[in-house]
Structure formats: structure tokens, C-alpha cells
Amino acid sequence: MTKILKSGPITTNSIDMISQRARYAFKAVVALARAKPGVGLQIRELCEQEKLPRKFLEQILLMLKAAGYISSRRGRDGGYELLKPADLIYIGPMLRAVDGPIAPLSCLSRTAYRRCADCKDETHCELRIAFAQAYSVYLAALENTSLAQIMRQSDAIELPTVDGLLAPTTA
């Protein structure tokens with residue numbers, strides 16, 4: 001999804017760096033992590049709680065199940081549950097499970113390396129050099145940050161209030 005931002009005479013394209021599928025997967029996994037242990041969440045509950053479209057979520061949950069992150073039980077008491085504790089679910093591998101490679105250039109990918117078609121000399125490629133260091137830092141953060149860490153940080157953030165009500169944020 002591309003949003004056009006206008007600020008004066010200059011128009012800028014703003015592109016989200018992760019897909020909608022990755023966003024929905026992240027929200028679903030967080031909801032499952034916050035659910036009572038041993039009690040599965042039904043897809044209907046996940047959709048209502050997280051405001052996610054059912055058909056799309058069904059596909060995402062199948063991907064997460066195939067990747068070994070969640071399990072499902074059929075029946076009245078069925079639903080989806082995490083197979084691993086949140087402190088063993090790392091953001092990078094989970095994003096790859098639903099979106100594939102996360103590198104900005106195929107020549108930097110650790111899971112789907114491919115030489116760029118227009119590259120004359122990968123060792124001296126200015127584009128690769130420009131992105132390599134930033135991607136390395138980004139990747140290290142994703143690979144070493146667990147879902148539990150993110151949830152703890154989220155829980156610790158004190159949201160601004162006005163007269164006891166959540167104040168609007170400016171971003």
C-alpha cells in the first residue's frame with residue numbers, strides 16, 4: 001500500500017517496510033501470546049479482537065502453523081495456540097515465515113541470495129555497500145529480539161492521558 005504525503009510543493013511516496021500480511025501475523029501472534037496458557041483462541045475471536053480480515057488471517061495462520069509457531073485444535077473448545085513460549089519466538093525468522101526474505105537487496109539476503117542482474121562487481125558495488133551496514137544492524141535487531149521482549153516493552157510504556165482518558169498522539 002502506497003500513501004502519498006504532500007508537504008508543500010514536494011510530493012513523497014511513503015511505503016511501509018513490512019507487508020500487511022506481516023503486520024497481521026505479528027498482531028495474531030501477540031494476541032496468542034497474551035491468551036491464557038492452554039486455552040486456544042478461535043479465529044473468530046482473533047479477527048474481532050485484532051480487527052483482522054478472516055480470509056486473510058486464515059492463510060496467515062496456515063503459514064505460521066507450517067513454520068512451527070502455532071498449533072490448532074478443532075472442535076468447540078478448539079482454536080489456535082503458540083507452540084513456543086514468546087521468549088523463544090524471534091521477530092526476524094517469524095517475518096520470514098510469512099513474507100520470505102527481508103533483505104532490501106537480493107545480494108544481501110542470507111536466505112535467498114541472488115546476485116543483482118545489473119551488478120558488474122559485487123565487491124565494489126556502491127549500492128550494496130550503502131545498504132550492507134544498515135541492513136546488518138537492522139537484521140541483528142530482528143534476529144535477536146523476541147516477542148516477549150517486545151511485549152514487555154509495550155506493557156512498560158506509559159501512554160499520555162488527559163483527565164484519565166487516552167490523549168491523542170501526534171506522529
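Nothing in this text is a laboratory measurement; each read-out follows from the coordinates by a stated rule. Predicted model, so just to flag it, every value in this text is computed and none were measured. All Cβ positions, glycine included, derive from the backbone under ideal geometry; neighbour counts span all protein chains shown.
Here the range 66-142 was treated as a single set of alpha-carbon atoms; its pair distances binned every 10 Å from 0 give 16, 36, 23, 14, 8, 2 percent. Taking all Cα pairs closer than 8 Å and separated by 6 or more residues, the relative contact order of the range 17-164 comes to 22 percent. Placing a pseudo-label 7 Å from each Cα along the Cα-to-Cβ vector at S106 and S154 gives an inter-label distance of 3.4 nm.
In this structure, the amide hydrogen of C116, modeled 1.01 Å from its nitrogen in the peptide plane, lies closer than 5 angstrom to those of C107, counting only residues at least 5 positions away or on a different chain.
Around the amide H of L83, modelled in the peptide plane, lie the amide H atoms of I70, S71, all under 5 Å away and 5 or more residues distant in sequence or on another chain. Coupling constants for the range 62-79 follow from the phi torsions by the Karplus curve (6.51 cos²θ - 1.76 cosθ + 1.60, θ = phi - 60°), and in residue order they are 5, 5, 5, 5, 4, 7, x, 8, 9, 10, 9, 10, 7, x, 4, 9, x, x Hz; glycine and proline get x.
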